[in-house]
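S.K.: My questions all concern the structure below.
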Amino acid sequence: MAYWLYKSEPSVWSWDDQVAAGEAGTFWSGVRNHVAKKNLEAMRLGEQGFFYHSNDGRAVVGVVEVIRTYYPDHTDASGRFGMVDIRAVAPLPAPVSLEAIKAEPALRAMVLVANSRLSVQPVTDAEWALVRRMGGL
DNA sequence: GCCAACGTTGGC
DNA sequence: GCCAACGTTGGC
C-alpha cells in the first residue's frame, strides 16, 4: 500500500468541500503534469493520502482515500491526462503546517519540501506515520 | 505582490 | 531534438 499527498488551494477546493462530497467522494481533475499523472496511475483502490492546503493555509488537514482508480479526465481536451476519485476519511485533529514539516529533520526529504510544486505526490511509510502522529491521529 | 523553480511550448 | 521564451505554481 502506497501513500499519497494531494495539494489543493482551499479557495478552489478545500477540505470542507471534500468532506461535503461525503462517501461518494469526487474526481481529482486538473492534473496536467506527467509526474503527477504517473502518481495518479499508480494509485490503487483504498490507498490513503494526505489532503494539503496550498497557498492559503499551507498545512496537511486531512486524510483521503482512493475510491476509483485512474480514468480519463473529462476536463482535458487533449485526452492525455486522467484522474482518480477520492473521498474524505478523517480530518487531522491538529493540522500539520508546512512550517512544522520543514522544522522536522526526519521530513527533510519529503516531496512537499523538496519539490513543492508537484501537485500529487508520493509519501513514504515513515513520512506517513510521522505526519499522522504530528496531526494527532 | 514578488520571484524562484519548474514545466511546457514552439521555432529552428 | 535542443533550447529560449513564456506561463504557472506556490512559498515568502
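S.K.: Residue A:58: among the basic types (Lys, Arg) and either within 15 Å of DNA strand B (Cβ to nearest atom) or modelled with pLDDT under 95 (or both), yes or no?
M.R.: Against the criterion (among the basic types (Lys, Arg) and either within 15 Å of DNA strand B (Cβ to nearest atom) or modelled with pLDDT under 95 (or both)), residue A:58 qualifies.
S.K.: I would also like to ask the following. With the checklist (1) more than 16 Å from DNA strand C (Cβ to nearest atom); (2) surrounded by fewer than 19 Cβ atoms within 10 Å (Cβ to Cβ); (3) under 23 Å from residue A:27 (Cα atoms) in hand, flag the one item residue A:118 doesn't pass.
M.R.: Looking at each condition in turn, residue A:118 falls short on (1).
S.K.: Out of the residues in the range A:97-125 that are within 16 Å of DNA strand B (Cβ to nearest atom) and assigned to a loop (DSSP other than H, G, I, E, B), state the one that is farthest from residue A:66 (Cα to Cα).
M.R.: Looking at residues that are within 16 Å of DNA strand B (Cβ to nearest atom) and assigned to a loop (DSSP other than H, G, I, E, B), I get A:108.
S.K.: A follow-up question, please. Picking from A:46, A:79, A:25, A:30, which residue would you name as being surrounded by fewer than 17 Cβ atoms within 10 Å (Cβ to Cβ), at positive phi and away from DNA strand B (no atom under 14 Å from the Cβ)?
M.R.: Being surrounded by fewer than 17 Cβ atoms within 10 Å (Cβ to Cβ), at positive phi and away from DNA strand B (no atom under 14 Å from the Cβ) holds for just one of A:46, A:79, A:25, A:30, which is A:46.
S.K.: Here is a follow-up. Mind checking whether some residue in the range A:75-92 is within 11 Å of DNA strand C (Cβ to nearest atom) and either under 16 Å from residue A:132 (Cα atoms) or not in a helix (DSSP H, G or I) (or both)?
M.R.: No, there is no match, as no residue in the range A:75-92 is within 11 Å of DNA strand C (Cβ to nearest atom) and either under 16 Å from residue A:132 (Cα atoms) or not in a helix (DSSP H, G or I) (or both).
S.K.: Name the residues in the range A:111-137 that are over 15 Å from residue A:39 (Cα atoms) and of a type in the set (A, V, I, L, M, F, W, C), would you?
M.R.: A:113, A:114, A:126, A:128, A:129, A:130, A:131, A:134, A:137
S.K.: Can you find, within the range A:61-76, the residue that is surrounded by the fewest Cβ atoms within 10 Å (Cβ to Cβ) among those that are away from DNA strand B (no atom under 12 Å from the Cβ) and acidic (Asp, Glu)?
M.R.: A:65
The values are calculated or read from the model by the stated rules, or taken from the named source; none is laboratory data. Not measured: the values here are computed from a predicted model. Every residue, glycine as well, gets a Cβ built from its backbone with ideal geometry; the counts of neighbours run over all protein chains shown.
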